[in-house]
Structure formats: C-alpha cells, structure tokens
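Chemist: Pasting a structure here, questions to come.
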Amino acid sequence: MKPDKPRPSPFEAERKAAQRKAINALKRARRAADKAGVELSDWEGEFIDSVSERVQTHGRAFADPDLGSPGQALSALQGRKLKEIAAKARGETPKPRFGRRKPGA
C-alpha cells in the first residue's frame, strides 16, 4: 500500500493559480500587441519582461506585502499598467487616470 501524499495547502494552490494567471495575462498582452502591429514603448516591453521574470522566479512581482493582496502575483499598480498595455494593444484610447471635473461641478 502506498503512503498517502500530503495534500497541498489550498493557499499554495491559490498562489500558484494567481501566478499562472498573471503570466498568461502578460503573454496575452504581448501577443495581442504583436498581432495588432502595435508598437509597445521600450518601457512597456521591459515592464512585461521584468514582471514575467519576477513572477516566474519568485511567485509574485512585488516584494512589499502592502502593495498587493497576499494571494496575488501582481500589485495593484502593476495590474493597472498591464490593463493599460492590453488596451493599447487592442487599439483602445487610454482612459484618463484622474478624471477631469466637469465645469460647474
């Protein structure tokens, strides 16, 4: 009879899933930009490469636990920037970060 393997922690499984999700999102953004012929800036290309490398190496792309949720692979700002890059790859105009107030409001 085989000895029972210890079950992986549900927190570990959640962390691995977040890691796969982040890596796939980064790859999708790069592929979408290449497919659409959108030229990413040097900074954006370097961002995708460095974040991908950090997620694969360390399991997440930020060191300070105050920057993101414990089970997430990307910080809030990294996630926002990734969404901006993906929108640029789809040809959408970027949304203003800080909306302008309407006159008289």
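Chemist: What are the residue pairs meeting all of these: first residue in region 1-19, first residue outside any loop (DSSP other than H, G, I, E, B) and acidic (D, E), second residue open to solvent by less than 100 Å² (accessible area, probe 1.4 Å) and at pLDDT below 85, Cβ atoms under 8 Å, and 6 or more apart or on different chains?
Modeler: Close Cβ pairs (under 8 Å, with a partner that is open to solvent by less than 100 Å² (accessible area, probe 1.4 Å) and at pLDDT below 85) amount to E14/G71.
Chemist: Now a separate question. Kindly provide the set of residues from region 44-73 that are crowded, with 16+ Cβ neighbours inside 10 Å, at pLDDT 90 or above and of a type outside the set (G, A, S), ordered by number.
Modeler: Those that are crowded, with 16+ Cβ neighbours inside 10 Å, at pLDDT 90 or above and of a type outside the set (G, A, S): E44, F47, I48, V51, R54, V55.
Chemist: Give region 37-48 a look and list any residue that's assigned to a helix (DSSP H, G or I) and either among the β-branched types (V, I, T) or over 21 Å from P94 (Cβ atoms) (or both), or say none. First the steps, then the outcome.
Modeler: Keep residues of region 37-48 that are assigned to a helix (DSSP H, G or I), which gives 42-48.
Within region 37-48, just I48 meets the criteria.
Chemist: Something else: I need the full set of residues from region 73-95 which are of a type in the set (G, A, S) and within 10 Å of A29 (Cα to Cα), in order please.
Modeler: Going residue by residue through region 73-95, those that are of a type in the set (G, A, S) are 73, 75-76, 79, 86-87, 89, 91.
Selection gives A86, A87, A89.
The values are calculated or read from the model by the stated rules, or taken from the named source; none is laboratory data. This one's a predicted model, so the numbers in the text were calculated from it and none came from an experiment. Ideal geometry is used to build each Cβ from the backbone, glycine not excepted, and the neighbour counts take in all protein chains shown. In case anyone asks, the SASA skips ligands and DNA or RNA and just uses the protein heavy atoms, side chains included. Shrake-Rupley method; radii C 1.70, N 1.55, O 1.52, S 1.80 Å.
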